[in-house]
Structures are given as structure tokens and as C-alpha cells.
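A quick write-up on the structure given underneath.
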Amino acid sequence: NRDSVSYVDIYGLKGIQTMYRGTFRFKGWCETLDLMKATGLIDDGDKDYTGMTFRQFVAEKAGVPGKDLRKELKEKPGLNPTDRSLEALEWLGLFSDTDMGYALTSPYEITSDLMIKKMWLNDNERDMIVMQHLFLATYHDGKSEVISSRMLDFGTPATNTSIARTVALPAAMAVKMILTGKISLHGVYRPILPELYNPILDELEANGIKMEEEYGLPVDRMIK
């Protein structure tokens, strides 16, 4: 979710003319996180919040009286929150007069605890990962093609989420390779070496996690 330009050299893509990436978020996610950041709700410095309500907490962090948080945040110079972001904070419970029940802790812990409680998957819900890589390749003979690599993976409510499987399994597989002597490297390595990623990709595929690749696609399939 950060700057990917630094990976041009790491992936051996010198000479590439265009590289960009993006992450799809639900509408309102980015402006809500922007508001949390601007008001200090995800700061990591510890403080004693004994006896403080969520409303008082937000008011203190944002530097407003706290009588009408929605109105005060909207009118605070330089903040410019959207209605959707204010609704999100209220939905989380950050505008409530409930005692937070915290002593020494950080705003980050308070806010993230609320998000975990409100956003936890229900027993009948599952998560989904959608990943797509598109490459526009032009060759020496002048011919061009689009290469597509896609992955669609679903979590299982009874076992693990998709995000947990796709993050934890590769690391676990690498540990197993170390313990069984299949990796002789020492130190910290990115998974850009064939001796690392090939066996891990093979084992992931055996667990139903696979990138589906297509070649020879028309150039109009490229994102513009």
C-alpha cells in the first residue's frame, strides 16, 4: 500500500516506461482514515485516559469543546471532513458518552480496538482477496501483448480468513524449508529468488492459492 517505484530495480524492471499501482477501498475509507490521522485518533503516544468518555477523547485530540462533535469537526479550520467520514466515526462509537475504560494507552489502541469490535467478521461472513497484475509488453519486432495475472481467493468462516492464509502460509512454508534444509541462505531475503519463490508458489497452488495467467491479450485490455 505504499510507493512501489522502488521495486523497479528490485524486480529487475530497469527500462520500464510506466509503473503504477493502486488499492481499491470502499467509498469513505480513505477520507475516514484521513480524518482519524488529522485529529490524532491514531497517534501512538501513551497517556492516562482514566474516566474519559469517547466523546471527551475525540474532543481533546481534535482540540474542540465536544458539545456537538459533528458540527465542531466540520467547522474546524483546515480539517474539512466529509459527511461520510463523520458518520463513520459516529458509527464506531467515538461520539458516545460511554466511559472508554482505559488507563495508560495510546489513541491508536483505543481507535483500533473499536474498529476490531465493530468490524469483526460474523460467523456467516467471509473475506475475499482480488489481485490483478497487468503487463503491456512491446517486443523488438514491434508486436505488443497484454499479460494478465489474477488471483481470486475466499476465506472460510469455519477455518481461516483469506488474508490470514495468503499472508501466513508463505512464511510458514519458508520456515519449513529452512527446517528441512531446503533453504541454505542466511540472513533476510525478499522472495525474489527462484529458489525461494518457486517451491512456495508450488505449495500454495497445492493449497488452492494460485495466480491465473493469460498471454496474448489485446492491448486495449491494458488499464489506461
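Restricting attention to region 1-46, the residues that are free of Cβ contacts under 8 Å to residues at least 60 places away in the same chain, surrounded by 10 or more Cβ atoms within 10 Å (Cβ to Cβ), touching a helix residue (DSSP H, G or I) at 6+ places or on another chain (Cβ under 8 Å) and closer than 23 Å to GLU90 by Cα add up to 5.
Take the conditions surrounded by fewer than 15 Cβ atoms within 10 Å (Cβ to Cβ), of a type in the set (D, E, K, R) and closer than 20 Å to ILE116 by Cβ and apply them to ASP97. Does it pass? Break it down into steps so the answer makes sense when it comes.
Numbers: surrounded by fewer than 15 Cβ atoms within 10 Å (Cβ to Cβ): yes; of a type in the set (D, E, K, R): yes; closer than 20 Å to ILE116 by Cβ: no.
Answer is no for this residue.
No other residue among ILE163, ILE200, ILE178, ILE192 is over 25 Å from GLY15 (Cβ atoms), in contact with a helix residue (DSSP H, G or I) (Cβ under 7 Å, 6 or more places away or on another chain) and among the hydrophobic types (A, V, I, L, M, F, W, C) apart from ILE200.
Can you confirm whether LEU185 is out of contact with any strand residue (DSSP E or B) (no Cβ under 7 Å at 6 or more places or on another chain), exposed (fewer than 14 other Cβ atoms within 10 Å of the Cβ) and of a type in the set (A, V, I, L, M)? Outline the logic, then answer.
Details: out of contact with any strand residue (DSSP E or B) (no Cβ under 7 Å at 6 or more places or on another chain): yes; exposed (fewer than 14 other Cβ atoms within 10 Å of the Cβ): yes; of a type in the set (A, V, I, L, M): yes.
When the stated conditions are applied, LEU185 passes them.
Note on region 1-105: enclosed helices (runs of 4 or more DSSP H) holding 3 or more residues that are outside the structural domain of GLN132 (by TED's automatic domain parsing) and among the acidic types (Asp, Glu) are 83-92. Could you grab me the full set of residues in region 106-125 that are surrounded by 14 or more Cβ atoms within 10 Å (Cβ to Cβ) and either outside any helix (DSSP H, G or I) or more than 18 Å from the chain's Cα centre (by Cα) (or both)? Passing the criteria: SER106, PRO107, ILE110.
Name the residues in region 180-224 that are charged (D, E, K, R) and not in a loop (DSSP other than H, G, I, E, B), would you? Spell out the reasoning first.
Of region 180-224, the ones charged (D, E, K, R) are 182, 190, 195, 202-203, 205, 210, 212-214, 220-221, 224.
Once the filter is applied, which keeps residues that are charged (D, E, K, R) and not in a loop (DSSP other than H, G, I, E, B), region 180-224 yields GLU195, ASP202, GLU203, GLU205, GLU212, GLU213, GLU214, ASP220, ARG221.
Restricting to region 41-70, and then to whatever is of a type in the set (Val, Ile, Thr) and in contact with a strand residue (DSSP E or B) (Cβ under 9 Å, 6 or more places away or on another chain), can you tell me which residue is farthest from THR98 (Cα to Cα)?
Filtering region 41-70 for residues of a type in the set (Val, Ile, Thr) gives 42, 50, 53, 58, 64.
Among the residues that remain, those that are also in contact with a strand residue (DSSP E or B) (Cβ under 9 Å, 6 or more places away or on another chain) are: 50, 53.
Details: THR50: 12, THR53: 5 Å.
Among residues in region 41-70 that are of a type in the set (Val, Ile, Thr) and in contact with a strand residue (DSSP E or B) (Cβ under 9 Å, 6 or more places away or on another chain), the one farthest from THR98 (Cα to Cα) is THR50.
The values are calculated or read from the model by the stated rules, or taken from the named source; none is laboratory data. Given the structure is predicted, the values throughout are model-derived calculations rather than measurements. Glycine gets a Cβ as well: all are built from the backbone with ideal geometry, and neighbour counts include every protein chain shown.
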